[in-house]
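**Student:** I'd like to ask you about the structure that follows.
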Amino acid sequence: MYSLSDFDFDLPPELIAQIPLASRSASRLLEVDGSRLADWHFADIVDLLSPGDLLVFNDTRVLKARFFGVKQSGGKVEVLIERILDNRTVHAQVRASKSPQPGSTIRLADAFDVTVGERAGEFFTLGFPSDVFELVEAHGRLPLPPYIAHAADDFDEERYQTVYAKAPGAVAAPTAGLHFDQALLARLRARGVQTAFVTLHVGAGTFQPVRHENLAEHKMHSEWYTIAQETVDAVRAAQAAGRAVVAVGTTSLRALESASQSGSLQAGSADTRLFITPGYVFKTVTRLVTNFHLPKSTLLMLVSAFAGYDAIRAAYAHAIAQKYRFFSYGDAMLLSRV
């Protein structure tokens, strides 16, 4: 039985990528297949996949979800939208010296007021004066992860979105997808690799640390996903042909596995709190494209469940020794399921 400390590792700070490479597909790719490790360039993924394999992408789009503002008292606040509930209501993290009171207002971006509603666990309910999506796009800031030291600029606004991002709702990018550009997607299609899409809106909870040594005590954050029948049909066709179902990112994997809890993949929309740790039996995904993950994170536990705990420990040690770039703007791995 694994504990939180089993998923810790020492990472030299200089290996945390602060900016993306000039070309999306120029990253390195570490292939992990059991005890076998192989170093590649990301563009080599075309040759590592076979005709008929199915790549499943997450087409969520990152919102400009971060705001700075002031309370009625004049106190400064920082707001990070976690989830859009409807066109005028959100759940958000609110950082302030004192928590705002229900019924009070907060002036955001020196442009408009939101009304504070009831608490929803660690989040506040905020009411917007008009369409949330329009106000977010016009006045918000792109929320880069906490380990990236600079504020988002115009380059980040382009590069912290996948080239196929379509459905707005995430507050963090599905970062494995950041390595794909249109030229690489065209090469994959020419090879006969199939593609399909799910939507999972990544929440800020993806960066929350696990605080309990006993993993059974961790309360997994909730994220909303939807899977169309078209994607279910594509997965079933790949499975019937004996081809690999390759999740691009842990978010695509969580969506596919969450929708497979009955034993086979089902179309639909739902919230998921699926917490994948070693011992989990995967039902749909056979290979995984993913970036490197934070120590003691739920995502490190997920990839350890997928590729094997010892294999991931060896892979991370190799990546550190070979000076791979880590986290959202870093390099990638191609994992085979144990």
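The values are calculated or read from the model by the stated rules, or taken from the named source; none is laboratory data. All of these numbers come straight from a predicted model, not from anything done at the bench. Cβ sites come from the backbone with ideal geometry, for glycine too, and all protein chains shown count toward neighbours.
**Student:** Can you find a residue that is surrounded by 13 or more Cβ atoms within 10 Å (Cβ to Cβ), in a loop (DSSP other than H, G, I, E, B), on the phi < 0 side of the Ramachandran plot and not small (G, A, S) anywhere in region 180-187?
**Tutor:** Yes, region 180-187 contains at least one residue that is surrounded by 13 or more Cβ atoms within 10 Å (Cβ to Cβ), in a loop (DSSP other than H, G, I, E, B), on the phi < 0 side of the Ramachandran plot and not small (G, A, S).
**Student:** Something else now. Looking for whichever is assigned by TED's automatic domain parsing to the domain that holds D53 and without any contact (Cβ under 8 Å) to a residue 12 or more places away in the chain here; the options are D233, D271. Which one fits?
**Tutor:** D233
**Student:** Can I ask one more? Here is a list: E230, E257. Which entry is modelled with pLDDT of 95 or more, surrounded by 14 or more Cβ atoms within 10 Å (Cβ to Cβ) and over 21 Å from L4 (Cβ atoms)?
**Tutor:** Being modelled with pLDDT of 95 or more, surrounded by 14 or more Cβ atoms within 10 Å (Cβ to Cβ) and over 21 Å from L4 (Cβ atoms) holds for just one of E230, E257, which is E257.
**Student:** Further question: Could you tell me whether region 64-72 includes any residue that is part of a loop (DSSP other than H, G, I, E, B), more than 19 Å from A247 (Cβ to Cβ) and more than 18 Å from the chain's Cα centre (by Cα)?
**Tutor:** Among the residues of region 64-72, at least one is part of a loop (DSSP other than H, G, I, E, B), more than 19 Å from A247 (Cβ to Cβ) and more than 18 Å from the chain's Cα centre (by Cα), which makes the answer yes.
**Student:** A follow-up question, please. Which of the strands (runs of 3 or more DSSP E) found entirely inside region 1-63 contain at least 3 residues meeting this: over 21 Å from A307 (Cβ atoms) and touching a strand residue (DSSP E or B) at 6+ places or on another chain (Cβ under 7 Å)?
**Tutor:** Of the strands (runs of 3 or more DSSP E) lying wholly inside region 1-63, those with at least 3 residues that are over 21 Å from A307 (Cβ atoms) and touching a strand residue (DSSP E or B) at 6+ places or on another chain (Cβ under 7 Å) span 60-62.
**Student:** Scan region 279-309 for residues that are farther than 15 Å from F326 by Cα and in a strand (DSSP E or B) and jot them down.
**Tutor:** Matches in region 279-309: R287, L288.
**Student:** Within region 312-319, does at least one residue satisfy the condition of being in a loop (DSSP other than H, G, I, E, B), basic (K, R) and either closer than 17 Å to E14 by Cα or in the same structural domain as V232 (by TED's automatic domain parsing) (or both)?
**Tutor:** no
**Student:** Evaluate the following for T162: is it over 30 Å from R24 (Cβ atoms) and either at pLDDT 95 or above or buried (at least 19 other Cβ atoms within 10 Å of the Cβ) (or both)?
**Tutor:** In short, no.
**Student:** Still on this structure, please answer the following. Given A196, A173, which one is touching a strand residue (DSSP E or B) at 6+ places or on another chain (Cβ under 6 Å), in a loop (DSSP other than H, G, I, E, B), modelled with pLDDT of 95 or more and buried (at least 20 other Cβ atoms within 10 Å of the Cβ)?
**Tutor:** Just a single option satisfies the conditions, and that option is A173.
**Student:** Let me ask you something else. Only one of these is out of contact with any Gly (no Cβ under 6 Å at 6 or more places or on another chain), buried (at least 18 other Cβ atoms within 10 Å of the Cβ) and of a type in the set (V, I, T): V246, V281. Name it.
**Tutor:** V246
**Student:** Further question: Would you confirm whether or not region 254-261 contains a residue that is closer than 18 Å to F9 by Cβ, assigned by TED's automatic domain parsing to the domain that holds L21, under 14 Å from the mean Cα position of the chain (by Cα) and of a type outside the set (S, T, Y)?
**Tutor:** No: zero hits.
**Student:** Let me ask something else. Looking for something under 23 Å from Y225 (Cβ atoms), among the small types (G, A, S) and more than 14 Å from the chain's Cα centre (by Cα) - is there at least one such residue anywhere in region 322-338?
**Tutor:** no
**Student:** Taking P13 and the conditions (1) over 22 Å from the mean Cα position of the chain (by Cα); (2) surrounded by fewer than 16 Cβ atoms within 10 Å (Cβ to Cβ), which numbered condition does it fall short on, given that it satisfies the others?
**Tutor:** Exception for P13: condition (1).
**Student:** Out of L4, L30, L37, I need the residue that is within 23 Å of Y160 (Cα to Cα), surrounded by 13 or more Cβ atoms within 10 Å (Cβ to Cβ) and not aromatic (F, W, Y). Which one?
**Tutor:** Exactly one residue qualifies, and that residue is L30.
**Student:** So for region 60-80 (the condition being among the hydroxyl-bearing types (S, T, Y), at pLDDT below 95, within 26 Å of S222 (Cα to Cα) and surrounded by 12 or more Cβ atoms within 10 Å (Cβ to Cβ)), does at least one residue qualify?
**Tutor:** Looking for residues that are among the hydroxyl-bearing types (S, T, Y), at pLDDT below 95, within 26 Å of S222 (Cα to Cα) and surrounded by 12 or more Cβ atoms within 10 Å (Cβ to Cβ), one finds none in region 60-80, hence no.
**Student:** Still on this structure, I have one more. Report yes if some residue within region 215-223 is touching a strand residue (DSSP E or B) at 6+ places or on another chain (Cβ under 7 Å) and either surrounded by fewer than 19 Cβ atoms within 10 Å (Cβ to Cβ) or under 15 Å from V248 (Cβ atoms) (or both); otherwise report no.
**Tutor:** yes
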